[in-house]
Amino acid sequence: MPVAFLTDDQARRYGRYTGEPTADQFARFFYLDDADRALVVRRREDHIRLGFALQLGTVRFLGTFLTDPTDVPPGVVTYMSRQLRIADPSCLPRYLDRRVTRHEHAQDIQRRYGYRDFHAPREVFRLARWLYTRAWLSAERPSVLFDLATARLVEHKVLLPGVTVLERLVASIRDHAAARLWQRLAQLPNADQQARLEALVQVPDGARLSPLDRLRRAPTRVSGPALAAACHRLEEIRTIGVSALAFDHLPPNRLRDLARYGAAARAQAIARMAPDRRLAILLAFAHAFEVMAMDDALDLLDLVITEIVHAAESEGQK
């Protein structure tokens with residue numbers, strides 16, 4: 001999987017305001033309780049108090065401190081000003097003149113409210129373990145994992161890292177989980193089963209399609225010959241001999257995802273993959289499509305019988 005999977009817009013919105021918060025978000029992240037007010041009012045001037053309060057609300061909401069702490073929606077400035085009874089919020093730009101003060105405020109907030117640095121070894125390990133568990137059990141897209149990781153960091157008061165740092169971590173964890181799944185699947189079949197699986201992507205002499213291309217095409221007509229073809233398709237998948245293999249120790253969501261990929265990807269593309277990945281996809285396909293082929297045959301049988309019964313009833317009425 002490529003390391004850079006976020007769009008430019010997603011990367012730009014990371015750790016930034018994308019609009020005015022909702023009413024619930026105002027109440028949850030920007031409301032100042034008595035302890036907050038006691039800490040804020042220690043600052044003497046209005047622009048210092050307002051800047052401190054905005055940094056506090058921002059880190060609660062976004063999980064990070066902004067390079068420009070005044071780069072917040074107007075509604076946030078108004079909400080904080082009303083709580084602090086600051087009559088003139090236009091004083092806020094003066095907060096930018098005190099760079100040292102801004103940095104000290106961020107450190108004070110981080111210390112007093114228990115925000116931790118992402119690059120601490122324990123925090124990286126915790127997030128990596130959580131990401132690996134999700135990547136192993138689910139087939140979530142990397143962008144979804146990225147958003148979930150961001151939300152988890154905010155919830156656990158861990159300051160967000162740079163966007164590329166988190167993006168690379170998600171990509172590497174997901175790749176590691178996928179490689180482990182491919183390796184485990186590739187070890188399941190014996191030599192004969194592996195040979196039959198590999199043959200699925202090879203085009204026989206004189207044929208136009210590979211067995212994989214044929215087997216993933218379900219019957220579309222309701223007729224006796226189509227039913228015979230559906231039964232032959234089921235028997236051909238069964239001859240691969242993977243139904244007796246144990247898949248209980250592997251995540252079913254990931255197996256279904258691999259099977260869907262095997263049903264959609266070109267056989268030539270699968271044939272060019274690394275051995276473990278190729279075997280894993282073909283095995284997941286054979287395991288899933290044996291059940292699907294049986295369902296297709298039974299559904300077609302039901303339709304054929306229904307058609308015969310209707311024809312008999314019509315003939316009897318005549």
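The values are calculated or read from the model by the stated rules, or taken from the named source; none is laboratory data. Keep in mind that this is a model prediction, so the values were computed, not measured. Virtual Cβ from ideal backbone geometry, glycine too; neighbours counted across all protein chains shown. Please note that ligands, DNA and RNA were not included when accessible areas were found on the heavy atoms of the full protein model with its side chains. Shrake-Rupley method; radii C 1.70, N 1.55, O 1.52, S 1.80 Å.
Beyond 17 Å, what share of the Cα-Cα pairs of region 31-156 remains, rounded to the nearest whole percent?
Beyond 17 Å sits 61 percent of the P(r) for region 31-156.
For the chain, what does the relative contact order come out to in percent, with C-alpha contacts under 8 Å and a separation of six or more?
Numbers: 311 pairs, mean separation 53.2, N = 318.
So the answer I get is 17 percent.
As an exercise, identify the trypsin sites (Lys or Arg not before Pro) in region 241-277 lying in DSSP coil whose Cβ has no more than 15 other Cβ atoms within 10 Å.
Arg266, Arg272
Given the DSSP H assignment, sum -39500 (n - 2.57) over each helix run of at least 4 residues in the chain and divide by its residue total; what's the result at 222 nm in deg cm²/dmol, nearest 500? Provide the component values of the computation, followed by the final result.
Values: 14 runs with 199 residues, N = 318.
-20000 deg cm²/dmol, from helical runs alone.
To check my understanding: the extent here is largest minus smallest coordinate of the Cα atoms along each principal axis. What are those three numbers for the chain, in Å, largest first?
Computed over the chain, the largest-to-smallest principal extents equal 94, 57, 32 Å.
Determine ³J(HN,Hα), in whole Hz, for all residues of region 140-147 in sequence, where each value follows from phi through the Karplus function 6.51 cos²θ - 1.76 cosθ + 1.60 and θ = phi - 60°; x replaces Gly and Pro.
With the stated coefficients, region 140-147 comes to 5, 5, x, 5, 5, 4, 4, 5 Hz.
Counting Lys and Arg as +1 and Asp and Glu as -1, what is the net charge of the other residues whose Cβ lies under 15 Å from the Cβ of Arg28?
After counting each charged neighbour, the total is -3.
Given H placed on each backbone N at 1.01 Å, which residues far from Arg116 in sequence or on other chains put an amide H within less than 5 Å of it?
Val158, Leu159
Suppose accessible area is computed on protein heavy atoms with a 1.4 Å probe; arrange Phe65, Phe289 from highest to lowest. Write out the running numbers ahead of the final one.
On the way: Phe65 45, Phe289 15 Å².
Of Phe65, Phe289, the descending order of accessible area is Phe65, Phe289.
Less than 14 Å Cβ to Cβ from Phe118, Lys/Arg counted +1 and Asp/Glu -1: what total charge do the surrounding residues give?
Local net charge: +2.
Of the residues Asp213, Asp46, Asp88, which exhibits the maximal mean-square fluctuation in a Gaussian network model of the chain defined by a 10 Å Cα contact cut-off?
Asp88
Any idea of the accessible area per residue across region 223-318, 1.4 Å probe, to the nearest Å²? Show your work: numbers first, answer last.
Working: 5400 Å² over 96 residues.
Accessible surface, normalised per residue, equals 56 Å².
How large, in percent, is the carbon and sulfur part of the accessible surface of the chain at a probe radius of 1.4 Å?
Whole-percent figure for carbon plus sulfur exposure: 52.
Over region 11-170, give the accessible area per residue in Å² for a 1.4 Å probe, as an integer. Please list the in-between numbers first.
Details: 8720 Å² over 160 residues.
The answer is 55 Å² per residue.
On a 0 to 90° scale, report how tilted helix 121-137 is relative to the longest principal axis of the chain, with both axes built from alpha carbons and the result rounded to the nearest 10.
So the helix axis and the longest Cα principal axis differ by about 30 degrees.
Within the set of other residues whose C-beta is less than 12 Å from the C-beta of Val170, count the net charge using Lys and Arg as +1 and Asp and Glu as -1.
For residues surrounding Val170, the net value is +1.
Find the relative contact order for region 161-318 and round it to a whole percent, using C-alpha pairs within less than 8 Å whose residues are 6+ positions apart. Before the final figure, lay out each step's value.
On the way: 125 pairs, mean separation 51.2, N = 158.
Relative contact order, region 161-318: 32 percent.
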